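What follows is a set of notes on a single structure, which appears directly below.
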Amino acid sequence: GIGPEKAVCVASVVNKWLSSSSNDTSTSSAKGQEGPSLVRRAKESVQWYLDASAKSNQPKKKKRKRNANKVFVPRPCHRLDLDTSGVMIIALTSDAMRITSSMFEGKRVQKSYVALVAGHINLDEEFGVVEYSIGKVYNDTKDVNEFRCFIPTINDGGKNNVEDTSRVISNASNVCAHREEPFVEGSLRTAKTEYRISKKFTIKMENGKKAKYTRVNLKPLTGRGHQLRLHMAAIGHPILGDTLHAPNTISKATPRLCLHAEKIEMEVLASSGSEGGVSMERVKLLATSVPPY
């Protein structure tokens, strides 16, 4: 959901734009046809791919039975946390949905984020890795399962690249658990996040105190629920505006969650014209979205 009340569906907004036409007097004719034209080109690309595959004598895949009367509704190929902004891949055809989803499952899509976190991350190097496993812990007060990090004690062999493990690791109950028992059976899974320090800031407040925060580039190497929020909070640097895993002073420091999906990189098939006809080749596709901070 998006919007002030978190009640607007991303897919519905995209589909409204895709189905828009030049009858919309608020846009020019060319601009009004942008959505429908994009869908038409996507369908043509699928047909071209199927025709090219047949000509290249590639082994035919067994066709699955489909409902011929069922119309595919464009939808996101992956998810972003509720309050996270940034780039997202939308499948315009069922074939695109199937192929892209399999690429995400096979970890052939690289995503990177930009975040503002509380405090200065003081490491000897600008690069670090967090590898705390993530699972679900039952909250009997709210009667729901919530995502948490499993942070073993130092004696259990916890190894993470932080400046002072005994001081930095979070003990907040809304971030972690130090024993495996509280986790819902089968929910605990390994998780790994790479982060790189981009810039450190110090702002003088009206009360004379100084507020410190760091801009970091984050690269999740796994896709666990709330992974980036939890991993940053676990090493003592919660993301600004995080109402789920940060203390009140940090969650209310900004009007929004300061986490933005900046880049998505993946391989796609593209046509390559030649004298012998049209051939296919794999090219790198990089989609970007400028962070608002």
- Within the range 189-293, which trypsin sites (Lys or Arg not before Pro) sit in a loop by DSSP and count at most 14 neighbouring Cβ atoms inside 10 Å? LYS209, LYS252, ARG256
- Give LYS43/LYS111; LYS210/LYS252; LYS70/LYS107; LYS136/LYS252; LYS200/LYS252; LYS199/LYS284 a once-over and call out the pairs whose C-alpha atoms are over 18 Å from each other. LYS43/LYS111; LYS70/LYS107; LYS136/LYS252; LYS200/LYS252; LYS199/LYS284
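How about the range 97-127: which GluC sites (Glu not before Pro) there lie in a loop by DSSP and see at most 16 other Cβ atoms within 10 Å?
Values: sites: GLU105, GLU125, GLU126; in loops: GLU125, GLU126.
Taking the range 97-127 and a limit of 16 other Cβ atoms within 10 Å, the loop GluC sites (Glu not before Pro) found are GLU125, GLU126.
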- One can check that the equivalent ellipsoid of the range 178-293, built from the alpha-carbon gyration tensor with semi-axes equal to the square roots of five times its eigenvalues, has lengths in Å, largest first, of 38, 23, 11
- Cut-off under 5 Å, modelled amide H: who pairs with LEU240 long-range: LEU116, VAL117, ALA118, CYS258
- Task: Run the quick spin-label model on THR254 and ARG98: label points 7 Å from Cα toward the beta carbon, then report their separation in nm to one decimal.
- Result: 4.0
- Task: Quote to one decimal, in nm, the extra length available between TYR293 and VAL46 on full extension: 0.36 nm per residue of separation minus the C-alpha distance between them.
- Result: 85.2 nm
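Coordinate-derived values only; no laboratory data. Please read all numbers here as calculations on a predicted model, not as lab measurements. In this analysis, Cβ positions are derived from the backbone assuming ideal geometry, glycine residues included, and neighbour counts consider all displayed protein chains.
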